[in-house]
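Let me begin by presenting the structure, written as structure tokens, before commenting on it.
Any read-out appearing in this document is the output of simple, stated calculations on the displayed coordinates, not a laboratory observation. In this text, all values refer to a predicted model and were calculated from it rather than measured experimentally. Note: ideal-geometry Cβ built from the backbone for every residue, glycine included; neighbour counts use all protein chains shown.
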Ligand SMILES: [Fe+2]
Ligand SMILES: [Fe+2]
């Protein structure tokens with residue numbers, strides 16, 4: 001490479017400080033070193049780091065590597081995700097589920113605001129795993145979810161709670177397969193991802209939506225499903241994203257599927273979604289208690305909209 005082309009290439013790179021890389025994390029972007037003005041790949045996408053190597057680089061005087069400028073947004077996402085606190089396993093389920101709710105909501109905020117990277121998907125999987133472990137240990141821990149619904153954070157807290165309620169319903173319906181439960185949890189985490197591009201004034205509108213605003217709002221299941229490919233999430237979470245607004249009598253959207261065509265995992269997530277929406281306060285409704293939420297579903301939605309077995313399982317998780 002001539003000096004001229006090396007100098008031109010250098011404009012495409014920025015320094016990336018080693019201290020930003022955490023032990024036991026994977027960077028989902030390439031990092032380079034330079035040798036005689038040439039950029040040489042040091043660690044490829046997905047490289048797993050450990051502290052010995054990081055210390056070795058620092059001790060050898062390399063306090064920075066180089067990153068392509070086009071990868072800077074991925075790096076920002078990596079830093080945000082790795083900075084989230086981890087979930088302490090030694091806490092009892094009621095306290096642990098509250099931590100998962102807090103950290104999960106912060107994570108889902110990143111998911112809605114940033115780019116979907118491998119770090120993001122790994123973090124979602126690890127939150128889903130911790131949640132399933134916690135709820136399987138004590139299903140009644142869902143009673144300790146906060147119901148918190150800060151204005152701009154509504155969708156993030158809502159999504160992590162939908163995920164948790166869905167796992168509790170599934171366990172009480174007798175589902176025991178961990179992979180299936182983790183997929184349900186992932187479905188809850190991602191179910192409203194299609195809302196990320198809906199303007200906040202429509203999402204939080206206090207009055208009724210106009211027909212055109214309603215059209216935008218109803219597009220979120222398909223928008224979300226289009227954003228997430230099969231290589232990122234498997235069938236169950238993708239079905240939850242696409243069909244969580246369907247109703248068992250076929251009057252839901254986007255496809256008007258009925259009880260015969262909807263996967264049980266989707267029907268579980270739909271009930272969890274409705275229950276959390278009813279029991280959180282939002283700009284256009286004040287919060288119902290958990291009892292009032294269940295009572296509303298029983299009298300207004302059980303006949304046509306939601307799965308009776310899932311409803312019974314939710315009541316069992318919250319009773320006592
Ligand atoms: Fe939704
Ligand atoms: Fe939702």
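Structural remarks
- Pairwise FRET efficiency - residue 259 versus residue 40, Cβ, R0 = 51 Å, nearest 0.05: 0.30
- Converting the Cα gyration tensor eigenvalues of the stretch 190-306 into ellipsoid dimensions via √(5λ) gives semi-axes, longest first, of 22, 20, 13 Å.
- Dividing the Cα radius of gyration of the stretch 3-71 by its Kirkwood radius returns 0.98 for Rg/Rh.
- Cα long-axis angle, helix 308-318 against the chain (0 to 90 degrees, to the nearest 10): 70 degrees
- The chain pair-distance distribution - Cα-Cα, 10 Å bins, rounded %: 6, 24, 30, 19, 12, 7, 2, 0
- Net lengthening on full extension, residue 14/residue 309 (0.36 nm per residue, minus Cα-Cα): 100.6 nm
- Rg(Cα) / (2.2 N^0.38 Å) computed for the stretch 63-142, rounded to two decimals: 1.29
- Taking other Cβ atoms within 10 Å as a rough exposure proxy, 153, 165, 16, 78 sort from fewest to most as 153, 16, 78, 165.
- Considering the stretch 1-158 at the alpha-carbon level, its Rg and Dmax are found to be 19.7, 67 Å.
- Calculated SAXS-style log₁₀ I(q)/I(0) at q = 0.31 Å⁻¹ - the stretch 194-236, Debye, Cα scatterers: -1.09
- For 135, 306, 232, order by how many other beta-carbon atoms lie within 10 Å, fewest first: 232, 306, 135
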